[in-house]
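Peer 1: First the structure, then my questions, so here it is.
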Amino acid sequence: MAKTQRLDIVTPERVVCSEEVEFVVAPGVEGELGFLPEHAPLVSALKTGVLRVQQDGKTYKVAISGGFVEVKNSRVIVLADTAEREDQIDVERAEAAKKRAEERLAKGGEGIDQARAEAALQRAIARLKAAGR
């Protein structure tokens, strides 16, 4: 059996996962961060993107938006604004959200909150990437 570490992914609404995994790659604000068991203690901000998790030799993905990761004592804790495992993502809804955000950004104007539209676009893209689209 491969050496494992505990992974907890938590949002304000729910615990997305709490399980033993071999490897985690998180989208840090300064680039991707990879964690193996017994990693040195670390706290980092996360950006919207795809978290990759290796468990039992297989990899699954989780779309996350923002938050923080803390690593210590072979435990990875992800506190994210939102998080969805790849098998929970509604692809049609994510594609529609991407299209709406792109239309808002293309339209521009004073009535459009650019930062909010860009954040919505990034969330939709992350969800589609996690779902394999």
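The values are calculated or read from the model by the stated rules, or taken from the named source; none is laboratory data. Remember, predicted model here, so these are calculated numbers, not experimental data. Methodologically, a virtual Cβ is constructed for each residue, glycine included, from the backbone with ideal geometry; neighbour enumeration extends over all protein chains shown.
Peer 1: Can you go through G66, G111 and tell me which one is at positive phi and of a type outside the set (D, E)?
Peer 2: Step by step, each of G66, G111 is checked, and only G66 is at positive phi and of a type outside the set (D, E).
Peer 1: Hey, can you tell me all the residues within region 5-27 that are outside any strand (DSSP E or B) and free of Cβ contacts under 8 Å to residues at least 60 places away in the same chain?
Peer 2: Those that are outside any strand (DSSP E or B) and free of Cβ contacts under 8 Å to residues at least 60 places away in the same chain: E13, R14, E22.
Peer 1: Just to be sure, is R127 in contact with an Asp or Glu (Cβ under 8 Å, 6 or more places away or on another chain) and either surrounded by 14 or more Cβ atoms within 10 Å (Cβ to Cβ) or within 20 Å of L46 (Cα to Cα) (or both)?
Peer 2: Here the answer is yes, as R127 does meet what is asked.
Peer 1: Would you be able to tell me the number of residues in region 63-74 that are closer than 11 Å to H39 by Cβ and surrounded by 15 or more Cβ atoms within 10 Å (Cβ to Cβ)?
Peer 2: 3
Peer 1: Let me ask something additional. Considering every residue within region 100-118, establish whether at least one is acidic (D, E) and within 22 Å of R6 (Cβ to Cβ).
Peer 2: The answer is no, given that none of the residues of region 100-118 is acidic (D, E) and within 22 Å of R6 (Cβ to Cβ).
Peer 1: Another question, if that's okay. Out of curiosity, is E38 charged (D, E, K, R) and exposed (fewer than 15 other Cβ atoms within 10 Å of the Cβ)?
Peer 2: Yes.
Peer 1: If you don't mind, there's one more thing I want to ask. Condition first: buried (at least 18 other Cβ atoms within 10 Å of the Cβ) and at pLDDT 90 or above. Now tell me which residues in region 87-122 satisfy that.
Peer 2: I89, A94, A97, K98
Peer 1: Does at least one position in region 71-92 carry a residue that is of a type outside the set (V, I, T) and over 21 Å from E19 (Cα atoms)?
Peer 2: Looking through region 71-92, at least one residue is of a type outside the set (V, I, T) and over 21 Å from E19 (Cα atoms).
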